[in-house]
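Quick notes on the structure that follows.
The values are calculated or read from the model by the stated rules, or taken from the named source; none is laboratory data. Please read these numbers as outputs of a predicted model, since none were measured by experiment. Cβ sites come from the backbone with ideal geometry, for glycine too, and all protein chains shown count toward neighbours. Surface areas here come from the heavy atoms of the whole protein model, side chains and all, with no ligands, DNA or RNA. Shrake-Rupley method; radii C 1.70, N 1.55, O 1.52, S 1.80 Å.
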Amino acid sequence: MPTADRTDLDHTHDPGVRCGVPGADGHPDFPIQNLPLGVFSPADGARRAGVAIGDHVLDLAAAHAAGLLTDEAARAVAAAESGDLAGMLALGAGPRRALRHRLFALLRADSPDRDRVPALLHEAGACTLHLPARIGDYTDFFVGIHHAMNTGRQFRPDQPLLPNYKHLPVGYHGRASSIRPSGTPVRRPRGQAKPPHLDAPVFGPSRRLDYELELGVWIGPGNELGNPVPVAEAADRIAGFCLLNDWSARDIQGWEYQPLGPFLAKSFATTISPWIVTPEALAPFRIPQAPRPDGDPTPLPHLLDPADQAGGALDLDLEVLLSTASSREAGLPPHRVARSNARHMYWTVAQMVAHHTSGGCNLRPGDLLGTGTLSGPEPEACGSLLETTEGGKAPLRLAHGEERRFLEDGDEVILTAHGRREGFAPIGFGPCRAVVLPTP
Ligand code: MN
């Protein structure tokens, strides 16, 4: 287990601290040890920055106005006054950590200010959650090694991985404009596809709609154009994490992707969980990057840092759940389709940032990276239906008797992530969910 330098652990990771907000202690996602950042609007108000605590959202602007934040913590909240967190993310780890420490002190059951907290809280169920920042650019990687192997094998049994895979984190520029927060329905896209039995392509609703289980990575402080971020400094550019569903139309993708990569097969929708789980909250769940198997190349020096290798990976349990129109009608719980873990990344997020900027490209606060599909080695750990059903050949049997090769209208896909480690309070990301609607 973790061998990395643990100076990133402090009293905010103490599992014994009780929270003054009812329901927060033992909450599966948002106990006092998490404190993820987001943007919400209460039933009667404008959008503003908030923090999830149990089944409530704490209004950061109201806490600031009440004089409960000072110095760096106040600076962090003031930078998000417009209801967009990009300015706060841009400040980096210092103000973000100060805000965490102040909120932890404010929300504990024995806080001297505990009587002033209830006035700052909104019931989460009555709030609308928004994207936490206007996303300038979105890049999706392909670092899930088992996903790369599983999908590569379907097309190239003899050579599942292309020659570049172990030398650089492969990625492509995605589409920021169609990213939506959890809960926003997704329309089945129309597109051009050429099924193998036809001689010419056809245009119509996708028949092979799929999900991809990924983590999203929020960029904090950016870099100037032409100034690459060294891998040893890359972790400082990361402001936090979310879940990301990279919806994929496999029939459109299969026809369009060569030679320039994914385009309309991916650009119609991406769903993310709305809370930014900070690197501080995730500190207990950092683990060493898995050693490369014998015979794999050592990364070039600009992509390799000992500290990153020692603690740059994340141990997070990931799940994909699926409900259908008829399973919901019958009152059945969602069916668990897959169980995986964020540790199955061949490259760390710091290596993704270092590679992204190595040619001079500038990242900006509020940019979003996707890791790529995080499948595990087991059949039940596949992060996409393309893998689970072997491209539609082996249908998935759901608990209530239905079958799926790919997604059908009315299906709801739910992604979850949880950090669990002996001696620490478990934390979660909150769900990343969306229902598939028919093509209009
Ligand atoms: Mn993807």
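Things to note:
- Failed item in (1) of a type outside the set (Val, Ile, Thr); (2) under 21 Å from Thr388 (Cα atoms); (3) away from the ligand (no atom under 13 Å from the Cβ), with Arg250 passing the rest: (3)
- Any hit, region 306-315, residues being modelled with pLDDT of 95 or more, within 16 Å of the chain's Cα centre (by Cα) and among the acidic types (Asp, Glu): yes
- Among (1) touching a residue at least 60 places away in the same chain (Cβ under 8 Å); (2) touching a helix residue (DSSP H, G or I) at 6+ places or on another chain (Cβ under 7 Å) - the single one Pro205 does not satisfy: (2)
- Residues of region 254-290 that turn out to be within 13 Å of the ligand (Cβ to nearest atom) and either in contact with a Leu (Cβ under 8 Å, 6 or more places away or on another chain) or part of a helix (DSSP H, G or I) (or both), as a count: 6
- Filtered residue count, region 163-181, keeping only those that are outside any strand (DSSP E or B), within 16 Å of the ligand (Cβ to nearest atom) and open to solvent by 60 Å² or more (accessible area, probe 1.4 Å): 1
- Of all the listed residues (Gly67, Gly152, Gly50, Gly38), the sole one being touching a Phe, Trp or Tyr at 6+ places or on another chain (Cβ under 9 Å) and free of Cβ contacts under 8 Å to residues at least 60 places away in the same chain is Gly152.
- Sole exception among (1) among the aromatic types (Phe, Trp, Tyr); (2) open to solvent by 10 Å² or more (accessible area, probe 1.4 Å); (3) within 24 Å of the chain's Cα centre (by Cα) for Trp255, by number: (3)
- Residue list for region 116-144, restricted to those being within 14 Å of the ligand (Cβ to nearest atom) and either open to solvent by 20 Å² or more (accessible area, probe 1.4 Å) or under 16 Å from Arg175 (Cα atoms) (or both): Tyr138, Thr139, Asp140, Phe141, Phe142
- Subset of region 291-337 (residues that are in a helix (DSSP H, G or I) and either of a type in the set (Ser, Thr, Tyr) or surrounded by 17 or more Cβ atoms within 10 Å (Cβ to Cβ) (or both)): Leu303, Asp308, Gln309, Gly311, Ser326, Ser327
- Annotation: of all residues in region 355-405 being more than 16 Å from the ligand (Cβ to nearest atom) and on the phi > 0 side of the Ramachandran plot, the one that is surrounded by the most Cβ atoms within 10 Å (Cβ to Cβ) is Gly366.
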